[in-house]
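The values are calculated or read from the model by the stated rules, or taken from the named source; none is laboratory data. These numbers were taken from a predicted model, which means no experiment stands behind them. Methodologically, a virtual Cβ is constructed for each residue, glycine included, from the backbone with ideal geometry; neighbour enumeration extends over all protein chains shown. All accessible areas refer to the heavy atoms of the entire protein, side chains included, with ligands and DNA or RNA removed. Shrake-Rupley method; radii C 1.70, N 1.55, O 1.52, S 1.80 Å.
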Amino acid sequence: DQQVKQNSPSLSVQEGRISILNCDYTNSMFDYFLWYKKYPAEGPTFLISISSIKDKNEDGRFTVFLNKSAKHLSLHIVPSQPGDSAVYFCAASRGDSSNTGKLIFGQGTTLQVKP
Amino acid sequence: DVKVTQSSRYLVKRTGEKVFLECVQDMDHENMFWYRQDPGLGLRLIYFSYDVKMKEKGDIPEGYSVSREKKERFSLILESASTNQTSMYLCATIIGGGFSGNTIYFGEGSWLTVV
């Protein structure tokens, strides 16, 4: 049972354009959401997060939007750069595990930004 | 600088062998995790530990065990390796008592091939 789903395995965009990565979740108990970026042969690195009490969080070129009623979040990257090419994972956490850091990850979306 | 070290980056083991994957952190964090990453499945939690000698099963513990004799070291053990355990294994750590995305640290990963 996949509680966090990234239905697009891959995405290709031109440099300078917007990249939009999507994530859906099924568990209404999730109250904290994160995006990680991963290069091959490296561990994931944290990008941006959002609490369920917000609907938007912005950090430089990265913005995460949360639609709780639709159980959907998205990551916008503007403008996209070739160095953004990586696998992006959406992750979620339940309030009752907030003290442990236990995360549920999506399947990942491979972003390719073409020069 | 934060350090999560996975001692073995690339391993090739035979079916039936006992395999040890080691993870060491230098941040005095209470909570440590083992995930595996597989294409199309994302990161899945195998086991986690929130204190020395304490462990809890994650989502896919079958075929694995763990050991945490010291706070800084969390070992993942494959009692009898099988080909379906060929994967990338990621260790993560977090200080206890709540977290935000940038307080979860991942190691660089261990690529295990079972032949």
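The table below gives the values:
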{"item": "Contour minus Cα-Cα distance for B:LEU41 and B:ARG9 (0.36 nm per residue)", "result": "9.4 nm"}
{"item": "Electrostatic dipole magnitude of the protein assembly as shown [Cβ: Lys, Arg +1; Asp, Glu -1; Cα centre; debye, to 20]", "result": "280 debye"}
{"item": "Cα gyration tensor category, rounded, prolate or oblate, for the protein assembly as shown with a/c compared to 1.5", "result": "prolate"}
{"item": "Magnitude of the charge dipole, chain A, Cβ model with Lys/Arg +1 and Asp/Glu -1, debye to 20", "result": "100 debye"}
{"item": "Out-of-range pairs (alpha-carbon distance over 29 Å; input A:LYS56/A:LYS102; A:LYS71/B:LYS70; A:LYS5/B:LYS18)", "result": "A:LYS71/B:LYS70; A:LYS5/B:LYS18"}
{"item": "Space enclosed by the convex hull of the alpha-carbon atoms of chain A, per residue, Å³", "result": "103 Å³"}
{"item": "Buried area at the A-B interface (accessible, heavy atoms, 1.4 Å probe, summed, Å²)", "result": "1900 Å²"}
{"item": "Fraction of accessible area attributable to carbon and sulfur, region A:4-108 (%, probe 1.4 Å)", "result": "49 percent"}
